[in-house]
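**Student:** The structure follows.
Every number in this text was worked out from the coordinates using simple rules, so none of it is lab data. Everything numeric in this text was worked out from a predicted model, so none of it was measured. When we count neighbours, we look across all protein chains shown, and the Cβ atoms used for this are built from the backbone with ideal geometry, even at glycine.
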Amino acid sequence: MSDATAATVLMQGAASWNAWREQNRAPLSFAAPQWYDCPGPDGLQIKGRNHLDFSGMDLSGVSIYNAFAEGLNLRNAYFVGAHFEEGDFSRADFSGATFRDTRFNKTIFTGACFEGASFVNCNLNRVNLVGANFKVARITETVVYGIAAWDMAVADDVEQSRLVIEKTYALYSELIAGGTIPLMVDDIELAQFVYYLNNHRKMRDTLNILNDRGVLLLGRFQDGGLERLYRVRDWFQNQGYMPMIFDFARPDNLSLSETVVTMAGLSKFVVADLSGGSVPAELQSILGQIKKPLLAFGDPYALFPDLEDQTAVIAVQTDDARLLAALADELPGLEQLHAERIAKLARRYLSDKVAPLR
């Protein structure tokens, strides 16, 4: 059996391939295949319109090296004991596909669709899933170390368990057989964060980045308030900050106040629209524990001046038309307050370090 014969049969579609594969079960490999066919004028390929149909194919025991298969239709395909080495499968359709005992290494799946697919005992080593539809039905006993998952869509009801977040080229079953119990999580979106928590130096770097760029925005959501906060958020983003708005559902294990305080702790400073009905209570909760600099705009409430007893405050009197300009005027002062706070902390901990033991 030659690889050339396999390549020829593969192009005949799933029925011919699967029947042939039943009789030829030896491992196969495809080196740098061009699984892309969409000729346009003058024979040029039209990007993003792959005509090839590999749906329903049984590609078990197949190793695929450096493939170009953008937009390939692989719906309901089977990959048992398969191997993907690098290659470009961006925007390919793997809906309903089955992956079991399959290894990946540095393979590109940007914008690909895996809706309804299942992964069992696989290794997704350094795969690129940016912008992918990863609403899989199941992913379990799978190594997810090093995946790129920006803007990856994940289903709420996906079955997830035993996702390994340690650097390894082995399968889960091989790790367990060797007596190793790896570090695991049960949520693919949580994987990178837990890895940072376990790697203390990386977690310190992450906290430093957040505390150097994070900005917590507080205010009202009704009557145009949320739109105002979004404008402020966009402005801070354009200045290179990482603004955060508590406009999502409360975490199950935190109260509303605890959530706001946690977000403030990850921020460089707090910016508050004083027209928000809950803002006074939120500021009191935050400043009772964390002394972050505060920039506030809008009409101050009665006890607002007392906040200066707890932290450094910049108050801005302006209307919506001048709000962003006012923020630009006051930002250097806010940065200065942050710098003074950092210097004070540095002096405190330096003093603690050199103080003699008693």
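**Student:** In nanometres, what is the gap between the two model label sites at Val316 and Ala26, each 7 Å from Cα along Cα-to-Cβ?
**Tutor:** Distance between label points: 7.2 nm.
**Student:** Only Lys, Arg, Asp and Glu count, each charged at its Cβ (+1, +1, -1, -1), so figure out the dipole size of the stretch 205-354 about its Cα centre, rounded to 20 debye.
**Tutor:** 520 debye
**Student:** Right, here's the next one. How high is the relative contact order of the chain, given as a whole-number percent (alpha carbon pairs under 8 Å, six or more residues apart)?
**Tutor:** 7 percent
**Student:** Something else: Rank Pro27, Phe54, Gly131 by how far each Cα sits towards the positive end of the charge dipole of the stretch 3-198 (+1 on Lys, Arg Cβ; -1 on Asp, Glu Cβ) and give me just the farthest.
**Tutor:** Pro27
**Student:** A follow-up question, please. Roughly what % antiparallel, to the nearest 5, for the DSSP beta bridges in the chain?
**Tutor:** Antiparallel bridges: around 5 percent, rounded to the nearest 5.
**Student:** How far apart, in nm, are two points set 7 Å out from the Cα along the Cα-to-Cβ line at Asp37 and at Tyr301?
**Tutor:** Taking the two extended label points, one gets 6.9 nm.
**Student:** Sort 159-167, 110-118 for me by packing, meaning the mean count of neighbouring Cβ atoms within 10 Å per residue, highest on top.
**Tutor:** So the order, starting with the most tightly packed, is 110-118, 159-167.
**Student:** Continuing with the same structure: How many nm is it between the label spots at Asp3 and Leu226, if each spot is 7 Å from the Cα in line with the beta carbon?
**Tutor:** Distance between label points: 5.5 nm.
**Student:** In debye, nearest 20, what is the charge dipole magnitude of the stretch 3-198 about its Cα centre with +1 on Lys and Arg Cβ and -1 on Asp and Glu Cβ, if you could check?
**Tutor:** 240 debye
**Student:** Place +1 on the Cβ of every Lys and Arg and -1 on the Cβ of every Asp and Glu in the chain, take the dipole about the Cα centre, and give the residue among Thr8, Leu217, Val185 whose Cα lies farthest towards its positive end.
**Tutor:** Val185
**Student:** Follow-up question, since we're still on this one. Quote the relative contact order of the stretch 205-354 in percent (integer), defining contacts as alpha-carbon pairs under 8 Å separated by 6+ residues.
**Tutor:** 22 percent
**Student:** Could I get the Rg over Rh figure for the stretch 205-354? Both from C-alpha atoms, Rh via Kirkwood, rounded to two places.
**Tutor:** Checking Rg against Rh, the ratio lands at 0.96.
**Student:** Going by average Cβ density within 10 Å per residue, which order do the peptides 182-189, 339-346, 265-272 take, highest to lowest?
**Tutor:** 265-272, 182-189, 339-346
**Student:** To one decimal place, what Kirkwood hydrodynamic radius in Å is obtained for the chain from all pairs of distinct Cα atoms?
**Tutor:** After inverting the pairwise mean of 1/r, the radius is 24.2 Å.
**Student:** In addition: Percent of Cα-Cα pairs per 10 Å bin, from 0 to the last occupied bin, for the stretch 3-198, please list those.
**Tutor:** Pair shares across the bins are 9, 37, 34, 16, 4, 0.
**Student:** Same structure, new question: With runs of 4+ DSSP H residues as the only contributors, calculate the mean residue ellipticity of the chain at 222 nm using -39,500 (n - 2.57) per run, divided by the residue total and rounded to the nearest 500.
**Tutor:** After summing the helix terms and dividing by the residues of the chain, the value is -9500 deg cm²/dmol.
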